[in-house]
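Okay, so here's the structure we're looking at.
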Amino acid sequence: MRNQLISKVTIYPDDRDPNINISYPLKEGENIIGSSFECDIRLSYPSIAEMHAKIMLTNGKFTIEDLGSSLGTYRMSSDNPRQKLKAGREYELEVNMPFYLANKYKCIIETWEKGINKFSN
């Protein structure tokens, strides 16, 4: 029997204090981030567009797409320190690798299997 994958995105609104953060569960399929009440993850931070970005979760793989936000979405990867995403194009996201909304708000995706203590060694 295959264990269920649980995932969340943690957002750090103040880069000076990593202890200030908020986490949101990610569902299979589309997860829209923005300031609109219609978004799956609603952020009422300055610089966040109404429909800022879309995270797709498909079979344990993550992609991100900037939805035309004026201040952009950025991702980090093992081969690129910080890349501004082109609106309307999907990019692969690496688990535990930061991405940024409006080049300011750090975000990290984490995953673990249901029933397994993710904090154990």
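The values are calculated or read from the model by the stated rules, or taken from the named source; none is laboratory data. This one's a predicted model, so the numbers in the text were calculated from it and none came from an experiment. Positions of Cβ are backbone-derived with ideal geometry, glycine not excepted, and every protein chain shown enters the neighbour counts. When the accessible area is computed, the model is the full protein with side chains, heavy atoms only, and any ligands, DNA or RNA have been set aside. Shrake-Rupley method; radii C 1.70, N 1.55, O 1.52, S 1.80 Å.
Descriptive notes on the structure:
- Restricting region 55-98 to residues that are among the charged types (D, E, K, R) and under 18 Å from Thr10 (Cβ atoms), the residue that is least open to solvent (accessible area, probe 1.4 Å): Arg75
- Applying the set (1) assigned to a strand (DSSP E or B); (2) at pLDDT below 95; (3) within 22 Å of Cys39 (Cα to Cα) to Asn103 leaves exactly one unmet item: (1).
- Those residues of region 55-82 which are among the small types (Gly, Ala, Ser) and either under 11 Å from Ile32 (Cβ atoms) or touching a residue at least 40 places away in the same chain (Cβ under 8 Å) (or both), in sequence order: Gly60
- Scanning region 19-28 for any residue that is at pLDDT below 95, touching an Asp or Glu at 6+ places or on another chain (Cβ under 8 Å), surrounded by 11 or more Cβ atoms within 10 Å (Cβ to Cβ) and in a loop (DSSP other than H, G, I, E, B) turns up at least one such residue.
- Residue pairs meeting the criteria (Cβ under 7 Å; at least 6 apart or on separate chains; first under 13 Å from Phe62 (Cβ atoms), in region 83-112; second open to solvent by 70 Å² or more (accessible area, probe 1.4 Å) and outside any strand (DSSP E or B)): Glu94/Ser78; Ile108/Asn96; Glu110/Asn96
- Criterion violated by Ser44 - all others in (1) under 18 Å from Ala102 (Cα atoms); (2) of a type outside the set (Asp, Glu); (3) at pLDDT 95 or above satisfied: (3)
- Leading residue by the ranking (surrounded by the most Cβ atoms within 10 Å (Cβ to Cβ)) among those in region 1-18 that are part of a strand (DSSP E or B) and among the polar types (S, T, N, Q): Ser7
- Qualifying residues in region 1-36 (those that are of a type in the set (Lys, Arg) and without any contact (Cβ under 8 Å) to a residue 60 or more places away in the chain) - the one farthest from Met51 (Cα to Cα): Arg2
- Across region 37-54, the qualifying residues are those that are open to solvent by less than 20 Å² (accessible area, probe 1.4 Å) and free of Cβ contacts under 8 Å to residues at least 60 places away in the same chain, and the one among them that is nearest to Glu92 (Cα to Cα) is Ala53.
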